[in-house]
1. Every residue in the range 72-106 that is surrounded by fewer than 14 Cβ atoms within 10 Å (Cβ to Cβ) and closer than 16 Å to T171 by Cα, please.
2. Please work out which residue is surrounded by the most Cβ atoms within 10 Å (Cβ to Cβ), limiting yourself to the range 13-65 and to residues that are under 21 Å from R128 (Cα atoms) and free of Cβ contacts under 8 Å to residues at least 24 places away in the same chain.
3. Being under 30 Å from L41 (Cα atoms), of a type in the set (D, E) and not in a helix (DSSP H, G or I) is the filter here, so list the residues in the range 189-232 that pass it.
4. Of the conditions (1) crowded, with 18+ Cβ neighbours inside 10 Å; (2) under 16 Å from the mean Cα position of the chain (by Cα); (3) not in a loop (DSSP other than H, G, I, E, B), Q180 satisfies every one except a single condition; which number is it?
5. Select, from I177, I158, the only residue that is modelled with pLDDT under 95 and within 23 Å of K122 (Cβ to Cβ).
6. Does I228 fit the bill of being buried (at least 17 other Cβ atoms within 10 Å of the Cβ) and closer than 19 Å to R59 by Cα?
7. Would you check which residues across the range 130-146 are farther than 20 Å from S14 by Cβ and in contact with a Ser or Thr (Cβ under 8 Å, 6 or more places away or on another chain) and list them?
Amino acid sequence: MTKRLSDRQYINYSFYKFLPSWYLISRNRRKSLLESLEKILNKYNKKIVLNSYSTFGVRAECDFMLWRVSDKIENFEQMSSEILKTGLGGYIETKYSFLSMTKDSQYVVKNKNINQDKTRMKISPKKRKYLIVYPFTKKVDWYLLSKGKRQQMMYEHINTGRKYPSVSINTSYSFGIDDQEQMVSFETNYPEDFLDLVEEMRSQKARMYTEKDTPIITCIYKEFKDLIKLFY
């Protein structure tokens with residue numbers, strides 16, 4: 001088979017929840033298992049782009065999230081296997097796991113009104129304090145519109161986003177490889193800016209073509225060592 005070379009990346013957002021039984025085992029046992037997790041995170045941080053986040057106290061259904069970016073989907077498989085085999089497998093469950101890929105946007109182009117690069121083949125997390133993540137799906141009617149009409153509505157969105165430079169967007173695509181059509185995540189140090197941005201976009205024409213954009217999960221960036229300390 002001929003090997004295909006691609007500049008695209010695989011993106012995975014995995015959200016985990018500790019089971020009630022986790023808090024019934026000894027603190028020393030919890031610490032030992034979490035230190036094993038930290039070793040695996042450090043190992044894979046050398047192979048893939050890997051960031052960790054807390055959702056503890058923010059969402060009821062999940063406690064932490066791993067944002068993984070890789071050129072091979074098998075890295076996600078192997079890493080997940082190693083994590084569960086530490087013994088953590090008996091104490092955590094995966095609440096969400098969203099898969100997507102990078103590709104060029106058909107709407108973000110260089111022109112006199114939009115000062116952005118078209119290419120979005122590489123995602124480079126900025127490790128800002130907060131990350132807001134959600135899956136996104138458009139209504140069928142959106143794709144039946146002409147390219148010109150869709151482009152006009154997306155320009156409105158893009159221009160609005162440029163008014164909030166403290167918010168960086170990471171868009172990836174899931175057509176045919178997961179349930180949603182896109183995964184979007186927004187990095188910022190100022191959640192209030194993101195709130196104002198989303199409120200402004202709610203009154204724009206493209207909004208009427210949104211089928212689903214939940215769950216919306218706010219995550220708090222943590223270094224690996226700081227993440228595991230939350231759960232000793």
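The values are calculated or read from the model by the stated rules, or taken from the named source; none is laboratory data. Bear in mind the structure is a predicted one, so any value in this text is a computation, not a measurement. FYI the Cβ positions are ideal-geometry reconstructions off the backbone, even for glycines, and counts take in every protein chain you see.
1. Q106
2. For the range 13-65, the residue satisfying everything is L50.
3. Start the filter on the range 189-232 by keeping residues that are under 30 Å from L41 (Cα atoms), which leaves 189-191, 194, 213-232.
After this cut, where a residue has to be of a type in the set (D, E) as well, the list is 213, 223, 226.
Answer for the range 189-232, where residues must be under 30 Å from L41 (Cα atoms), of a type in the set (D, E) and not in a helix (DSSP H, G or I): D213, E223.
4. For Q180, the exception is condition (3).
5. Values: I177 fails: modelled with pLDDT under 95.
Answer to the check: I158.
6. yes
7. Restricting attention to the range 130-146, the residues satisfying the condition of being farther than 20 Å from S14 by Cβ are 138-146.
If the condition is that a residue be farther than 20 Å from S14 by Cβ and in contact with a Ser or Thr (Cβ under 8 Å, 6 or more places away or on another chain), then K138, K139 are the ones that fit.
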